[in-house]
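The structure under discussion appears below in the form of structure tokens.
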Amino acid sequence: MTEPERAALLDELIRYVREELVPGTSADLITADSQLLELGVLDSVRTARLLAHIRTTYGVRVPPVHMTGEHFRTLESITDLVTLLRSQAASL
């Protein structure tokens, strides 16, 4: 994945979280490096919605081994995870 493609992926994930998971939240609160778990942005329901969005939009399933606080800490880390999973899927 090229850097512009990664940037577009990150931008789309930021938009999705702002508009679909926590609508009405200040744009300053949800950034690429916001601590999503600490801020309470991701709870069990919102995480499930985000996983469904990743599956339908990017065509990858997040295996249970990758469902960790480390991978879901920020939108940057989620972008890295999606990038990794897409590259793994492409190499199969």
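The values are calculated or read from the model by the stated rules, or taken from the named source; none is laboratory data. Being a predicted model, the structure only gives us computed values, none of them experimental. Here the Cβ is made from the backbone with ideal geometry for all residues, glycine too, and neighbour counts use every protein chain on show. Surface accessibility is based on the protein's heavy atoms, side chains included, excluding ligands, DNA and RNA. Shrake-Rupley method; radii C 1.70, N 1.55, O 1.52, S 1.80 Å.
Quick rundown of the values:
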item	result
Hits in the range 60-92 (condition: of a type in the set (G, A, S) and closer than 21 Å to E19 by Cβ)	S77
Only one of E19, E12 that is open to solvent by 80 Å² or more (accessible area, probe 1.4 Å) and either in contact (Cβ under 8 Å) with a residue 40 or more places away in the chain or of a type in the set (D, E, K, R) (or both)	E19
Residues satisfying the stated conditions in the range 33-47, i.e. free of Cβ contacts under 8 Å to residues at least 24 places away in the same chain and either hydrophobic (A, V, I, L, M, F, W, C) or part of a loop (DSSP other than H, G, I, E, B) (or both)	E38, L39, G40, D43, V45
Given (1) surrounded by 12 or more Cβ atoms within 10 Å (Cβ to Cβ); (2) out of contact with any helix residue (DSSP H, G or I) (no Cβ under 6 Å at 6 or more places or on another chain), index of the condition Y58 fails	(2)
Qualifying positions in the range 71-92 - outside any helix (DSSP H, G or I) and surrounded by 11 or more Cβ atoms within 10 Å (Cβ to Cβ)	H71, F72, R73, T74
Number of the exception - T25 against (1) under 21 Å from D80 (Cβ atoms); (2) surrounded by 11 or more Cβ atoms within 10 Å (Cβ to Cβ); (3) among the polar types (S, T, N, Q)	(1)
